[in-house]
Amino acid sequence: MGKSRARRFRRTPFASAGPEQHRGGEGGSEEELAAELLEKLQHPSAEVREYACASISKLLQQKHVIPTFLQRDVVRCLGPLLMDHSLAVRETAAGALRNLSACGGFEVCDDMVTKDIMTPLVALLKECSTGLDANQLSPKKCREMNKNYIEDIANEAINLLWNVCECNNTAVHIFNKEGCLEAVLHYMKKFSTNVDLAISVANCLQAVTEDNPDLLSSFNASAQQVLETVMLCPESTMKHVLLRTLIAGTIWNIKDTIPAGSLGSMVNAILKIFSESLAIDAGEMIIHMSEAEKNRLKLTVETEREENMSDVIDSCVLNEDDDMEEIPKGKIKRENDISDLLPSDKWELKEVTALLTAQQTALEIIVNMCCSEDPSDDEWEELSSSDESDLFMENSYNEGSGLLMSPLCLCDEVNSAFLNNLIPKKILEKTAFPNSVALDICMHNPSWKPLIKKLNAVQCRALTCLHSILSVLDVDCLGGASALQSLAQHLSQLVFSKTELPTDTEFLEAITSALRALLQTMASKNISQCMTPEQLLALCEAGIHSSNASVRVNVVSILGISGSVLAKGQDTAETLKMIGKFLLEVAMKESSLVVAGEALDALFDVFADGKEAEKAAVQIKLLAALKEFQPVFKVRMRKEGKGQYSTDQLCVLDNVKMNLRRFIAYLETLGKTPT
């Protein structure tokens, strides 16, 4: 119904500590175990409290267990432990609350804020910030434990802060009011020695700076300098690529604090970072890192075998000389090998994960850079059928509604930066299916299998990004007519290259959004389209059965665009009849009024003009069908409209209702009556 509207991405909240970080007790019923563990939180022994927190943290990663703990007021039980005398208890308590916020979702985060989790959390963050440069543990003890408690506590607390601020406006208000930005930026200064902490801070900063004008005044020159320093760091690990990408997103969020004269250079720096991230071939990275992991594990086994042999020899020597001073267990290993210098466990997997997260984040930010910020995020959620997806519902708006795409930027300098960094080319590269060898590696390695979902997510984000840039860049910037025809061939191959049409909802939504924008652009410039009518109908038949209303809207719009082009040609009446019958059936049987309205709008476009369209309309008895359907549509709008659809959607539907009346009158004037 009019121009398609690109959605904005809101980053995925909920960073959990992960199953490997906290281990706890098992056995007994959930209710009994929860009661027992919560009681142990009050135990005088710090070790018992730490054990209880760690056990709760592990259990809270199971969603079905969360209500049991919530009924026993777990938030108020754990909250005070954030300021416990024991640093170990603080860390495990923060980890448990982090997992609660991550696995519990929006409603649980709201409940946590209502139960005043922000008071001890803010106190902890400020205290850790103060003690960051003067660790409270002795250097000897820290070395022995290979641990920096202050930074580890801060990491858990920052992730908890990120989760609740992502979900709750009150938490963001408290963040602003309590001046948390200063403490958070202080943690960021540790990026050169603790990149994991810096990434957690960057995630949090991206969340709290989004749509938060009250925080902008806090970003003074000193604060901006911290971000700039991190963004310019030269380290080339994938974790640093992710860190720079997240900081670039934060700087985009606070762009209103950047002087107008520096806007071009700022966006150029941001896009350069995105370009560097997107230039890396994730498939090749998986192949390379998988091989590196195999070599490392092989080396580890060989090293352990040599160490075991050395221990046996040393034991024999000690037995021969009873007067020799006893060497403490483990000392030989710590002093005579380089295990502490080797990468940590699964570092290869972590590097690939960081890269894919960076690429997904970069693509999401580019989408947000391309689209207007006027509508609220809630408007994009209303018709979405996905719970976990980062994608928000793409809606369509009438050209007169005032909710049209805004350009990427108002100045040529910034648009040049977009093109100079080859962003469109690199986005297109990411729309391809993942490397088959990399997929095979992931499929046969349980630890790496979750990467498949991330690879597919990057492809879907790239397709949505393609939709956005098609909407804001002119044809010449995109390479001209031939480039668009090649792009159409590429998208067709993505849909039809396999024996069966795609059924994955997220992929279908992304590919149909991109196709819709591309065909719209090509039609507006009279560029011949490459998809055959048979391909279009096959895609639409698959898409119209999707549970996602956005997919159904897209395929109906695609038919409308293609049909209106065919109507201007010759000998197309038979194809137009198939399109007309398909759209009529959707309009009459579709459960969503928005999709039904889109189908009617598509019918208006297809049969508005042309001899072939007139012939096809008569043969499918379009006028009689629309006359019969008109009162049904009015009744549906009156009964279903209020309460189910937003004001903007109802406005669009009102326009469709009015256009239906006009279109019927138009057909009548042409003398198109049932035969």
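The values are calculated or read from the model by the stated rules, or taken from the named source; none is laboratory data. Bear in mind that the values here come from a model prediction, so they are computed numbers and not experimental data. Here the Cβ positions follow ideal geometry from the backbone for every residue, glycine too, while neighbour counts run over all protein chains shown. Just so you know, the surface numbers come from the protein's heavy atoms only, side chains and all, with ligands and any DNA or RNA stripped out. Shrake-Rupley method; radii C 1.70, N 1.55, O 1.52, S 1.80 Å.
I'd like to know if region 556-572 contains one or more residues that are farther than 21 Å from residue 518 by Cβ and modelled with pLDDT under 95.
Kept after step one, since they are farther than 21 Å from residue 518 by Cβ, are these residues of region 556-572: 570-571.
Now narrow it down to the ones that are modelled with pLDDT under 95: 570-571.
Yes - at least one qualifying residue is present in region 556-572.
With respect to residue 222, is the statement that it is assigned to a loop (DSSP other than H, G, I, E, B) and either among the hydrophobic types (A, V, I, L, M, F, W, C) or out of contact with any strand residue (DSSP E or B) (no Cβ under 9 Å at 6 or more places or on another chain) (or both) true? It would help to see each step written out before you state the result.
Working: assigned to a loop (DSSP other than H, G, I, E, B): no; either among the hydrophobic types (A, V, I, L, M, F, W, C) or out of contact with any strand residue (DSSP E or B) (no Cβ under 9 Å at 6 or more places or on another chain) (or both): yes.
It is false that residue 222 is assigned to a loop (DSSP other than H, G, I, E, B) and either among the hydrophobic types (A, V, I, L, M, F, W, C) or out of contact with any strand residue (DSSP E or B) (no Cβ under 9 Å at 6 or more places or on another chain) (or both).
I need a count of the residues in region 496-531 that are polar (S, T, N, Q), farther than 16 Å from residue 558 by Cα and open to solvent by less than 50 Å² (accessible area, probe 1.4 Å). Spell out how you get there, then give the answer.
First pass over region 496-531, keeping only residues polar (S, T, N, Q): 497, 499, 503, 505, 512-513, 520-521, 524, 526, 528-529.
This time we only want the ones that are farther than 16 Å from residue 558 by Cα, so: 497, 499, 503, 505.
Now narrow it down to the ones that are open to solvent by less than 50 Å² (accessible area, probe 1.4 Å): 505.
Qualifying residue count, region 496-531: 1.
With 598, 541, 506 as the choices, which residue is acidic (Asp, Glu), farther than 17 Å from residue 613 by Cα and at pLDDT 95 or above? Don't jump to the end; show me each part of the working.
Working: 541 fails: at pLDDT 95 or above; 506 fails: at pLDDT 95 or above.
The conditions single out 598.
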Filter region 338-387 down to residues that are assigned to a helix (DSSP H, G or I), more than 24 Å from residue 248 (Cβ to Cβ) and within 17 Å of the chain's Cα centre (by Cα) and give me whichever is modelled with the highest pLDDT. 378
So which residues in region 467-492 are in contact (Cβ under 8 Å) with a residue 24 or more places away in the chain and open to solvent by 50 Å² or more (accessible area, probe 1.4 Å), if there are any at all? 477, 485, 489
Could you list, ordered by first residue, the pairs with Cβ atoms under 9 Å in which the first is in region 559-585 and closer than 17 Å to residue 530 by Cα and the second is hydroxyl-bearing (Ser, Thr, Tyr) and open to solvent by 40 Å² or more (accessible area, probe 1.4 Å), at least 6 apart or interchain? 565/528
Looking only at region 205-217, which residues are modelled with pLDDT of 95 or more and either of a type in the set (Ser, Thr, Tyr) or touching a strand residue (DSSP E or B) at 6+ places or on another chain (Cβ under 7 Å) (or both)? 209
In region 160-190, anything within 17 Å of residue 213 (Cβ to Cβ) and not in a helix (DSSP H, G or I) is listed as 179
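Would you check if residue 557 is in contact with a strand residue (DSSP E or B) (Cβ under 7 Å, 6 or more places away or on another chain) and part of a helix (DSSP H, G or I)? Show your work before the answer.
Details: in contact with a strand residue (DSSP E or B) (Cβ under 7 Å, 6 or more places away or on another chain): yes; part of a helix (DSSP H, G or I): yes.
Yes; evaluated as a whole, the condition is true for this residue.
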Of all residues in region 191-212 being charged (D, E, K, R) and not in a helix (DSSP H, G or I), the one that is surrounded by the most Cβ atoms within 10 Å (Cβ to Cβ): 210
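Here is a yes/no grid of residues against (1) among the aromatic types (Phe, Trp, Tyr); (2) at pLDDT below 95; (3) out of contact with any Cys (no Cβ under 6 Å at 6 or more places or on another chain); (4) surrounded by 22 or more Cβ atoms within 10 Å (Cβ to Cβ):
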| site | (1), (2), (3), (4) |
| --- | --- |
| 248 | no, no, yes, yes |
| 260 | no, yes, yes, no |
| 265 | no, yes, yes, no |
| 272 | no, yes, yes, no |
| 287 | no, no, yes, no |
| 292 | no, yes, yes, no |
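One residue is enough: does region 616-632 have a residue meeting the conditions under 25 Å from residue 547 (Cβ atoms), within 41 Å of the chain's Cα centre (by Cα) and not basic (Lys, Arg)?
Yes, because at least one residue in region 616-632 is under 25 Å from residue 547 (Cβ atoms), within 41 Å of the chain's Cα centre (by Cα) and not basic (Lys, Arg).
So that you can scan it fast, the table gives a plain yes or no per residue for (1) modelled with pLDDT of 90 or more; (2) part of a loop (DSSP other than H, G, I, E, B); (3) within 18 Å of the chain's Cα centre (by Cα):
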| position | (1), (2), (3) |
| --- | --- |
| 406 | no, yes, no |
| 427 | yes, no, yes |
| 460 | yes, no, yes |
| 491 | yes, no, no |
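Rundown of residues vs (1) in a helix (DSSP H, G or I); (2) within 20 Å of residue 598 (Cα to Cα); (3) aromatic (Phe, Trp, Tyr), yes/no style:
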| position | (1), (2), (3) |
| --- | --- |
| 503 | no, no, no |
| 536 | yes, yes, no |
| 547 | no, yes, no |
| 552 | yes, yes, no |
| 571 | no, no, no |
Filter region 532-548 for residues that are open to solvent by 10 Å² or more (accessible area, probe 1.4 Å) and of a type outside the set (A, V, I, L, M) and give the result. 532, 533, 534, 535, 541, 545, 546, 547
With the first residue restricted to region 254-272 and required to be farther than 19 Å from residue 422 by Cα, and the second required to be among the aromatic types (Phe, Trp, Tyr), Cβ contacts under 7 Å at 6 or more apart or on different chains are 254/219; 257/219
